[in-house]
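Input: a single structure, listed below in structure tokens.
Each value in this text was obtained by applying a stated rule to the coordinates, not by laboratory testing. The structure displayed is predicted, hence computed values, not measured ones. Here the Cβ is made from the backbone with ideal geometry for all residues, glycine too, and neighbour counts use every protein chain on show.
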Amino acid sequence: MMNQNIKEHLSETLKKGVRYDGRKLDEFRSIEIETDVSTPAEGSATVRIGDTEVMAGVKIEMQKPYDDSADSGTLMVNAEFSPMADPKFESGPPSIDSIELARVIDRGIRESESIDVKKLCIVEGEKVWSVGIDLITINNAGNLLDCAGLAAVAAIKNAKLPEVDKEGNADYKHKSKNGLPIEKEPISVTIHVIGDTIIADPSREEEEASDARLTVASISKDVICAMQKGGSKALTVEQVDEMVDLALKKAEEIRKIL
Amino acid sequence: MESKLLIKERDVVIPGEELASGMDFLPSEGTYRLENSIYSKVMGLVKVDGKVLKVRALRGGYLPKRNDTVIGKVTDIMSAGWFIDIFSPYNSLLPLKEGSSDFIQRGADLTRYYDIEDFVVVKILSVNAQKQVDVTIKGPGLRKLKGGRLIKINSQKVPRVIGKQGSMINLIKENTGTQVTVGQNGIVWIKGEDPLMENLAEKTIRKIEAEAHIPGLTDRIGEWLKDQVGGKK
Amino acid sequence: MSYDKRNDGRGFDDCRPMEAKAGIVKSASGSASFKIGETVAFATVQGPRDLYPKFLKNPKKGKIRVFYQMMPFSGVGGRIRPGPNRRAKEISMVTAKAFEEVLCLEDFPNAVVDIYIDIPQADAGTRCAGISAASIALADAGIRMTEMVAGVAVGRTADKLLVDLDYSEEAHEEGATDIPIAVTSVTDKISLLQMDGDMTQKQLSEVLRKGIVACKAINEVQKAALKKGYEVA
């Protein structure tokens, strides 16, 4: 439900420091994290930010490593914008938005080396653990990216490696007590700018009115491990500073909930 | 066989639920007869009108009806007129002659009247068997919308949001000082000078939507509104 | 060897414990989750809405489409690669057929109701759980239907006929036959019937009747899920 003058009305309201749902400009909706939501998965979590909901599942399989990294396990992040979450999502091959989301979250996890893939090696050149993280959108009420990012990390933390039997094969029916070798926890926070106002955790409507957005993944309040700018409006460097600052501040708050 | 009513007024029933047995009762909206019984065919509230049994759906998409006032969005412009998305499986046409009381020349720039992406308040003139809809914008209250915010509510709840002779909607307008236009298709437009009051109007409408099936709604909303406004002043 | 006692101790005619919830996806027209044992199905309804491409439109009645999919992490062992697969396409098609007779398709000519069934967790009986969930979601969406539909897998494990096979029973070393069925809630008609394995005619007749009885228990779970939240004090 958006057009130019509806957007201007929203923009004016934000200028006065008011959001349509009564939140402060930098306020996140309530965050709920539930783990073990899919028992066959080696790790799983559902995260809700307000009414936005994403389910993450981690599958860990024993496989042959890639030739060029014989001593490393593998990691892959996949996302699906399921049509259940939004009447505008279509079934079929992945949309560019779902690809972008998967790749941004992947970079956050991979570039921060949050999982030490060398520790996923079982027998060099022969057997490694292959980690597949799948993100499924359940309901889109805005800010799928931050919700999916958090679900991915929660699912990774929840994951347990499969038991290995006497012949050295994985026994997927039983989970061991060992989790994944997690070194760091990347948290993504996306900040949007509408008109001249910057906000955190946009609602669906605010996303539709958004001029530009900046996703910042961090592993601590000082270290950024991934970034992605979206939207068509160009940002001044002062705006970028302000948005990064807010993103890092919010990430620290969220880290406490994890 | 003795006729027996198995439910009562305002009961919530589901599709396939048996409402009455025997031949004395008559099926109507939302119900059907199978052999000796009457069943519901929708999830909704039971209405008993003497011997006539109806079930009114609690939820469901909007199906266009003649004389309904709805809020739509202009999606395309052709020489015949403007195509309006009325947030229903069926879209509508605002024919040239219904677009204005001015005489519109052939070949005139129709965007001068309504442009693509404009939101408009229109009235349904006709719906044919294939559900093709014609609308008009000539009439009291019908117009192009400027600014404000739009929300989507359950179209089945619209009568409760409007209230008997507009009692509920007026309650909201008076207490919040906002303009509110409710489309029968569940699209609601709100505009006020004070964004906090706009927020309150929106919140109130959502509250009505959630509590519509509970009796005593008007009084409850009246009390609640006075409370909320009192708290803010 | 005889299968004398079920692995989880249930009676041979009993379904696993069930839980259902309606309205789990707020932005959808209707939605539900249905859990039976360790199998969970989500069903989401979008529509009725406009149908593309145009040649699919039927001016006399609406259409339903089902998109069934298992989430990549839903099975023990390997990750299920997302993307079109033949099993999912077949399940989608027979699921749609299971609802065609009971849905009031004339209510929405030229339009479509899309049903998305997603399985986050699988322990056999997934297409049946999907059907049970879809029925709740359709009712939740206010779509008219004369009956609810329930799904259950019946069949044989080793030498015993049973209801609601779990994965261990489907994969039993003495062999098993899996018969997914869907049953309509008022007229007890079978709207989906498939078989994987072997069985005598007499056994089939017997086990189908057991399935019809089991579906009544599923109907109660569906009804409770839909009515929850509408109880007025």
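A cut-off of 5 Å between modelled amide H atoms, ignoring neighbours fewer than 5 places along the same chain, links residue B:145 with B:119, B:120, B:121.
Of all DSSP beta bridges confined to chain A, the antiparallel ones make up roughly 85%. Neighbouring Cβ atoms from other chains, within 10 Å of the Cβ of residues in C:75-83, number 6 on average.
A convex hull fitted around the alpha carbon atoms of region C:94-151 yields 80 Å³ per residue.
Using only alpha-carbon positions in region A:162-258, the gyration tensor eigenvalues give semi-axes of 39, 15, 12 Å once each is multiplied by 5 and square-rooted (largest first). Shielding by partners for peptide C:177-185, expressed as the average number of C-beta atoms from other protein chains within 10 Å of each residue's C-beta, is 1. With a simple spin-label model that places each label point 7 Å from the Cα along the Cα-to-Cβ direction, the separation between residue A:182 and residue B:100 comes to 6.3 nm.
By the equivalent-ellipsoid construction on the alpha carbon gyration tensor, chain B comes out with semi-axes of 37, 27, 12 Å, ordered largest to smallest.
Over all pairs of different C-alpha atoms in region C:1-133, the reciprocal of the mean inverse distance, the Kirkwood hydrodynamic radius, equals 16.4 Å.
Taking every Cα-Cα distance in region B:160-226 and sorting them into 5 Å bins from zero, the calculated P(r) comes out as 4, 18, 33, 28, 14, 3, 0 percent.
In whole Å, what is the distance between the alpha-carbon centres of region A:186-220 and region B:61-92? Rounded to whole Å, the Cα centres lie 33 Å apart. Across peptide A:91-97, the mean count of Cβ atoms from other chains lying within 10 Å of each residue's own Cβ comes to 2. A compact globular protein would have a Cα radius of gyration near 2.2 N^0.38 Å; the ratio found for region C:42-97 is 1.42.
Taking a virtual spin label 7 Å from the Cα of residue C:190 along the C-beta vector, which residues in region C:142-165 bring their backbone nitrogen under 11 Å of it? So the set is C:154-155. In angstrom, the C-alpha Rg and Dmax of chain C are 17.7, 58.
Taking all Cα-Cα distances within region B:22-75, those exceeding 17 Å account for 50%.
The orientation-averaged projection of the convex hull spanning the C-alpha atoms of the protein assembly as shown amounts to 37.1 square nanometres. For region B:142-233, the set of GluC sites (Glu not before Pro) satisfying both a DSSP loop assignment and a count of at most 10 other C-beta atoms within 10 Å is given as B:193.
Of the trypsin sites (Lys or Arg not before Pro) in region A:166-258, the ones in a loop by DSSP (not H, G, I, E or B) with at most 12 other beta carbons within 10 Å are A:166, A:221. Per q in 0.15 Å⁻¹, report the Debye log10 I(q)/I(0) for region B:60-174, using one uniform scatterer on each alpha carbon and no solvent. Once normalised to I(0) and log-transformed, intensities are -0.69.
Applying a length cut-off of 15 Å (Cα extent along the axis) and a mean Kyte-Doolittle floor of 0.0 to the DSSP H helices of chain C leaves C:126-140.
Highest mean first, the peptides B:91-103, A:33-45, B:56-68, C:201-213 sorted by other C-beta atoms within 10 Å per residue fall in the order A:33-45, B:56-68, B:91-103, C:201-213. What the Kirkwood sum gives for chain A is a hydrodynamic radius of 19.2 Å, with every pair of different alpha carbons counted.
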